[in-house]
Ligand code: NAP
């Protein structure tokens, strides 16, 4: 290096994209391996657990822990060992060059390895009225918006664990919560089903698909139009709020033409490792996992990604 050149402070050995359990666990392990990782948190620091309430199934917390608290602890733990965390979202990547190039709206970074932990986002039903009324009575986050529905009658769309978790949580505020499911059998785990069924405030509407949300931004919501999935008959069901909890899609849009993705967009990794089809690029957490999607399995795969990156760097440096 000539005396006029300065080292590129934006060049890292490891960059982690995402700050949920996968990303922060990867950062913790990479930091403890002395790789001084940079975490680019994305638009939702802490990931999906920051919009949930009690996490009762993360080992080590016998009394449960609030999602945001768990994520604060993970972030502090990674920072304690030297991880740098920035509230920036990646807007473009170039994985064909060496070092890899990562751009955010604020900056440009170079990195020898990349760990993708971009997670997944809540799905929408796909209705015009849903889009129009999002934030005006339609929500995808009970923790964020439940408070606004005190003593109101609301509906939750979906039949999985998310829907029942939202429904149970919303009974703290709403006077009546109706779960609308498109089949007559729930997908949710037995323990969640038992809890929801035991809750007097929860009602059920089976074999119904929501086809329109009735209301306006000015007058709020007064009903949903539902279609019977067996008879095709349509009817209106009165409610003042709609919570959509119908699953997730992986946040992998940036990698669509670059990495191997499966048919619904999850990043394909070379199991049992976290390697992708590009050398030096690793992926973990919900962005790779259509099956388990748990905080603990995401954290576990984040640990694997950091170890994979560390070993890859050792081999690459000869
Ligand atoms: P999910 O298990 O995929 O369930 C999605 C639900 O939404 C299904 O009941 C599905 O109906 C319904 N659905 C999908 N698309 C729909 C549409 N366009 N219109 C109407 N309904 C639609 O998703 P999830 O509930 O988000 O759970 C994802 C994972 O996270 C699971 O592994 C779950 O166990 C886990 N999780 C765990 C907890 C917990 O343990 N406390 C909490 C939340 C999530 P069908 O059943 O007919 O397909």
Out of the residues in the range 161-201 that are touching a residue at least 24 places away in the same chain (Cβ under 8 Å) and closer than 20 Å to residue 235 by Cα, state the one that is surrounded by the fewest Cβ atoms within 10 Å (Cβ to Cβ). 183
Is at least one residue of the range 54-72 more than 16 Å from the ligand (Cβ to nearest atom) and in contact with a helix residue (DSSP H, G or I) (Cβ under 8 Å, 6 or more places away or on another chain)? no
With the structure loaded, tell me whether residue 268 is assigned by TED's automatic domain parsing to the domain that holds residue 37, touching a strand residue (DSSP E or B) at 6+ places or on another chain (Cβ under 9 Å) and free of Cβ contacts under 8 Å to residues at least 40 places away in the same chain or whether it fails that test. yes
So if I check each of 269, 258, 264, which one is within 14 Å of the ligand (Cβ to nearest atom), farther than 27 Å from residue 169 by Cβ and in a loop (DSSP other than H, G, I, E, B)? 264
How many residues, within the range 159-178, are in contact with a helix residue (DSSP H, G or I) (Cβ under 8 Å, 6 or more places away or on another chain) and near the ligand (Cβ under 10 Å from one of its atoms)? 5
Looking at (1) more than 20 Å from the chain's Cα centre (by Cα); (2) away from the ligand (no atom under 15 Å from the Cβ), which is the one condition that is false for residue 117? (1)
Count of residues meeting criterion [surrounded by 12 or more Cβ atoms within 10 Å (Cβ to Cβ) and at pLDDT 95 or above] in the range 229-257: 19
Right, residue 278: modelled with pLDDT of 95 or more, surrounded by 14 or more Cβ atoms within 10 Å (Cβ to Cβ) and away from the ligand (no atom under 12 Å from the Cβ) or not? yes
Answer yes if at least one residue in the range 188-197 is more than 10 Å from the ligand (Cβ to nearest atom), in contact with a helix residue (DSSP H, G or I) (Cβ under 9 Å, 6 or more places away or on another chain) and in a strand (DSSP E or B), and no otherwise. no
Going through the range 286-302 one residue at a time, which ones are crowded, with 17+ Cβ neighbours inside 10 Å, within 11 Å of the ligand (Cβ to nearest atom) and outside any loop (DSSP other than H, G, I, E, B)? 286, 295, 297, 298
For residues in the range 46-62 being touching a strand residue (DSSP E or B) at 6+ places or on another chain (Cβ under 9 Å) and in a loop (DSSP other than H, G, I, E, B), which is farthest from residue 165 (Cα to Cα)? 61
With respect to residue 243, is the statement that it is within 16 Å of the ligand (Cβ to nearest atom) and either assigned to a loop (DSSP other than H, G, I, E, B) or under 29 Å from residue 17 (Cα atoms) (or both) true? yes
Pick from the range 129-156 the residues that are within 15 Å of the ligand (Cβ to nearest atom), closer than 15 Å to residue 246 by Cβ and out of contact with any helix residue (DSSP H, G or I) (no Cβ under 7 Å at 6 or more places or on another chain): which of them is modelled with the highest pLDDT? 155
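The values are calculated or read from the model by the stated rules, or taken from the named source; none is laboratory data. Every value quoted in this text rests on a predicted model; they were computed, and no experiment measured them. Cβ: placed from backbone, ideal geometry, glycine included. Neighbour counts: every protein chain shown.
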